[in-house]
Structures are given as C-alpha cells and as structure tokens.
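The values are calculated or read from the model by the stated rules, or taken from the named source; none is laboratory data. The shown structure was predicted, so the numbers you read here are calculated from the model rather than taken from an experiment. When we count neighbours, we look across all protein chains shown, and the Cβ atoms used for this are built from the backbone with ideal geometry, even at glycine. Side chains included, ligands, DNA and RNA excluded: accessible areas come from the protein's heavy atoms. Shrake-Rupley method; radii C 1.70, N 1.55, O 1.52, S 1.80 Å.
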Amino acid sequence: MQNILLNIDAGTIDWSRAQFALTAIYHWLFVPLTLGLALIMGICETIYYKKRTDFWKDTSKFWQRLFGINFAMGVATGIILEFEFGTNWSNYSWLVGDIFGAPLAVEGIVAFFMESTFVAVMFFGWKKVSAGFHLASTWLTGIGATLSAWWILVANAWMQNPVGCEFNPDTMRNEMTSFADVALSSSAVDKFLHTVLSAWIIGAVFVVAVSCWYLLKKRHTELAVKSIRIATIVGIVAAVCTAFTGHISGQDVARTQPMKMAAMEALNDGGTEQPLTLFALLNPLSQPDYANGEEPPLKIELPCFLSIMVSNSADGYVPGINDILNGYTRPDGTREPSADEKIARGKQAIAALQAYRQAKAEGASDSILNSQLSIFNANKEYFGYGYVTDKSQLVPPIGLNFWAFRTMVGVGCLLILFFGLVAMLAFKIPFFSVFTRRLLSAIGLMDEAHADVHGATRMPRWLYWAAIIMVPLSYIASESGWLVAELGRQPWTIQDMLPTWAAVSDLGASSVALTFILFLILFTTMLAVEISIMLKQIKKGPENS
C-alpha cells in the first residue's frame, strides 16, 4: 500500500480534492434549504390540520412545492458525492470502509428510504389519504431528511474525531469496535445540532425573503405576513441555538483538533489568557510565516476571550501553531510530542507493520511477530504521520480558515439582529414593536407615515430588500462553516490517521481534471435550472390565489 501511495502524482491529489470540494459545495446549496423548508411546511400543515381552512392548505402546498424542487436537486448531487469515495478515494475507502460505510448504509436503508416513501404521499396524497395521515407524511418526510443529515454528519464527525475503532494489522483495515461510540460521539452530536440548526436559519431566511418579495409586489399579502411570522420564530430560535452549539463545537475543536483552532485564529504562539481576534488584515490566499511569528497588521482583539471560549476560563491554555509543531506541555502536565517526534514514530509504526506482515508471510515464530506488533502498537497512534515528509504540511491554510470563520460568525450575528428586527415589526408586541418603529424613525430608517402596512405588519421597504439580500449572505455563512470544518483539518482526510495523499486513488490527473470540468458544467446547469424553476413557482404563487 505504501509503495503505491507515495508514487501518486501530486496533480491527481489536487484535482481529486478539488472535485470533491466542488461536489460538496454544490450539494450543500440544496441540503440546508431542504431541511429548513421541511420544518416550516410541517408547521404550516399542522396549522391547517387544526383550522381546516383553504388558506393554510394552499400555504402548505406552496412551500411543499418549493421544497420538492430543491429536494430533487439535493438527491442528485448527494448520490454523486458518495460515489466519489469509491472512485477518487479508494485507499480511504479500503482503510476505513468498515467504519465510514456503516452510517452511510444506515442513511441509505432507513433515512433516505423513509423520506423517499413519504414524500410521494405528501405530494400526491392530498385527496387520497386522511388529513392526519397526510400531516404525518409531511413530518416524516422532514424527519427522514433530518435523519439522513444525522448519519452523514456522523460519518463526517468521525473523520474529524475518529473514535470507536481499532486497526487490524492482518487485514490492513480499521475496524469498528463500538457503533455507539461512532454514532453518539460528542463531535457527532455537536456537528449535527449546529448544522441542522443553521439549515433551519436558511429555510427561515428563504421564507421571509419570498414573503417580502410578495409584499413588495403587493401580492399574496396574507400568505406573506403569516409566513413571515412563522419563519421569524423559527429563525430567531435557530439563530440563537446555532450560536450556542457553535460555542460548544468550538470547544470540541479545541480539544480534538487544536491545529484547526490555531489556524482559525492565526495564532502562532499560544498560552493562557489568549485574546480573541475580531479583525486583522490577513491575506486569505497566502500562508503567513508562522515560524517567525509573522503577525497580521491592524489586529483588533478582545482580551482573554479565546481562552474563555475554549475552556470557560480566562486562564485556559490555547496552543498556537508553533506550540503544536514544536511540542508543548498541557495544563494537566502531560506532554504533547512535537511534529518531528510524531513523524519519526509514525515511520517506526509503518516499518514495524511491514516487518510484521513480511514475517507472517514467511511463517516466522510468534516471538518475532509479537516483537514487531509491540513496536507497532507503541507507535500506531502516530501511524498517519509516517506519510508526512515535512512538518509544514501539517499546517492548514491559515488565511482561508481565519476569514471563513469570521464570515460565518459575522453573518450569524447579523442574522440574529435581522430576525429580531423583523419580529419586532411583524408582531404586535407591546412596547417593543412601538419602540422599534420609533427608533427606526428617529435614525431615518423608517417613515411611519409611508411605511408599508400589511395586516398587523408595518415594515419599511428597505427591510424587504434586506430580507432578499440575506438569502445569499446566509448561504455564504453556511458554506464558510464547511470551509472551516474541512480546510481546518488539512492535510488529514481522517484526523491524525490518514493524510490526503495517502487516501487518494491512483488515477491519472488528466482524467480527474476532465471529470471536474464536466461536474462543474453539470452542477452549474442544475443550479441554474433549479433557480429558474423556483423563481417561476414563486412568481406563480400558491394555488387558488
């Protein structure tokens, strides 16, 4: 295995990574809207089930129709994404397929089967099944989509924090020792909650934006006002909870992936009482000279906040990039080896494993086999480092991680303010709605005499346009979060276990580049088609309008 891996063309590795990133980015354009609309259409149909009015039935059907268009596109890109593990990352699939394949198999057999079954009832069963069964089908469609996300995120979380497994030197594969540890690890739970809640935000923003467009055009105003109220509640709850789960996720990253945390903060040398950088002029496309302590200019920091964020204490220790590369002592007194030590021990593990397999093939005695196994077991924790040739390879892109993290957090804070403002104007909340309107009037952002009034909603027209602009901003924040998650763990496909160049298939760089271009054309076309269909359906509006 090692002899093959080290001869793979660097171009193949780069193009394979680019192709997978392309597919994942496009796939994630469809998934969050699917999860977000699933919740909102479920709420709308629940209200219809209680009130049995044509208005709520038409409203439910309208959001379900937009859900269905987006759902179909997400399925198509998701299938291609899973196939790429076998085509472009066959060494990865061989080494950890017994573990990684389990949650994906459960997702395909249970979750995807469930959502695919009930989505048909949801769309075509309005006149064929009872209202209660149809309502259940709508919720089960959304639950199935969410369960699909759960199992896929379990698989991804395991790549970030591999637990519940053991390497078998006889089969050269990692084998699962505890399904519960894999499925219920803290990393998996945190990632699921943070990701699904962020998807609900995108669904809420989308619904508010479409509704605001209707208010601008003075069409379907009742649907718009009532949908805004539902989506605003979902958005506020999801945005606040996303901030909380993001904090918990950050602590998990600091514990399991300290290099990712250091890259996110462009932290060269760590310590206690570390400040949180709010802003710095850091070039996202170049790697700073961290070894010589190069600091970006114009840094604006909050004293001690990084230590507080990762440890709930101002005295919390946060290692920097150089600490991780050169080795450091944790607050509990345990020592973290340097990168050079890990690389050396990784090479010892690889050499011992090769010697063990050769000795076993030659029928060597148990004492010789056990001797090589003992050397391997003593160093197997750093097996993946044996494929690293220079410790600088262990540092992810600092600038990209730094800015992607701040984009995610910055837009997330903006969304909380946005939903809060819309809620104050969309609901008749004593004191708060009046205070908000008067405050906006005082600073020149609202003229109550000329504000658009729709039912109980009094909103300035600029807020309608702001809602529409928030749709691409929310997607940028969501994609930025995934950039941090995936770029931050580089060069590892599996954290500390398998670097990218040891996971890729032995393919020609030109063939991978060709499929990259084909996928780029295909996915861009699919996205353009989806946007076109969605816009036509939005312009058409609900049935019986």
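Restricted to segment 81-102, and to residues there that are in contact with a helix residue (DSSP H, G or I) (Cβ under 6 Å, 6 or more places away or on another chain) and in contact (Cβ under 8 Å) with a residue 12 or more places away in the chain, the residue that is farthest from residue 528 (Cα to Cα) is 100. Tell me, please, whether a residue that is surrounded by 24 or more Cβ atoms within 10 Å (Cβ to Cβ) and of a type in the set (A, V, I, L, M, F, W, C) can be found in segment 242-258. No, segment 242-258 has no match at all. Scanning segment 149-170 for residues that are touching a residue at least 60 places away in the same chain (Cβ under 8 Å) and over 25 Å from residue 384 (Cα atoms) yields a total of 1. Scanning segment 166-180 for residues that are open to solvent by 60 Å² or more (accessible area, probe 1.4 Å) and assigned to a helix (DSSP H, G or I) yields a count of 1. Looking at segment 283-389, the helices (runs of 4 or more DSSP H) lying wholly inside it that each contain 2 or more residues that are under 28 Å from residue 262 (Cα atoms), of a type in the set (S, T, N, Q) and out of contact with any Cys (no Cβ under 7 Å at 6 or more places or on another chain) sit at 305-311, 321-326. Taking the criterion of being open to solvent by 40 Å² or more (accessible area, probe 1.4 Å) and either part of a helix (DSSP H, G or I) or closer than 27 Å to residue 494 by Cα (or both), the residues of segment 122-149 that qualify are 123, 124, 133, 136, 139, 140, 143, 147.
Of the residues making up segment 390-410, those that are open to solvent by 20 Å² or more (accessible area, probe 1.4 Å), assigned to a helix (DSSP H, G or I) and touching a helix residue (DSSP H, G or I) at 6+ places or on another chain (Cβ under 6 Å) are 391, 400, 405, 407, 408.
Among the residues of segment 335-354, which ones are open to solvent by 70 Å² or more (accessible area, probe 1.4 Å) and modelled with pLDDT under 95? Answer for segment 335-354, where residues must be open to solvent by 70 Å² or more (accessible area, probe 1.4 Å) and modelled with pLDDT under 95: 335, 354.
The C-beta contact set for segment 124-141 (first residue closer than 17 Å to residue 38 by Cβ, second residue of a type in the set (Phe, Trp, Tyr), distance under 7 angstrom, 6+ apart or interchain) comprises 134/126; 135/49; 137/118; 140/118; 141/118. Being farther than 25 Å from residue 136 by Cα and in contact with a Cys (Cβ under 7 Å, 6 or more places away or on another chain) is true of residue 99. Of everything in segment 16-52, what is within 22 Å of residue 233 (Cα to Cα), more than 19 Å from the chain's Cα centre (by Cα) and open to solvent by 10 Å² or more (accessible area, probe 1.4 Å)? Give them in sequence order. Selection gives 43, 46, 47, 48, 49, 50, 51. Of the residues making up segment 52-86, those that are at pLDDT 90 or above, among the polar types (S, T, N, Q) and part of a helix (DSSP H, G or I) number 4. Among the residues making up segment 280-330, those that are among the β-branched types (Val, Ile, Thr) and surrounded by fewer than 17 Cβ atoms within 10 Å (Cβ to Cβ) are 300, 329. Each residue in segment 269-287 was checked for being within 26 Å of the chain's Cα centre (by Cα), under 20 Å from residue 391 (Cα atoms) and at pLDDT 90 or above, and 1 pass.
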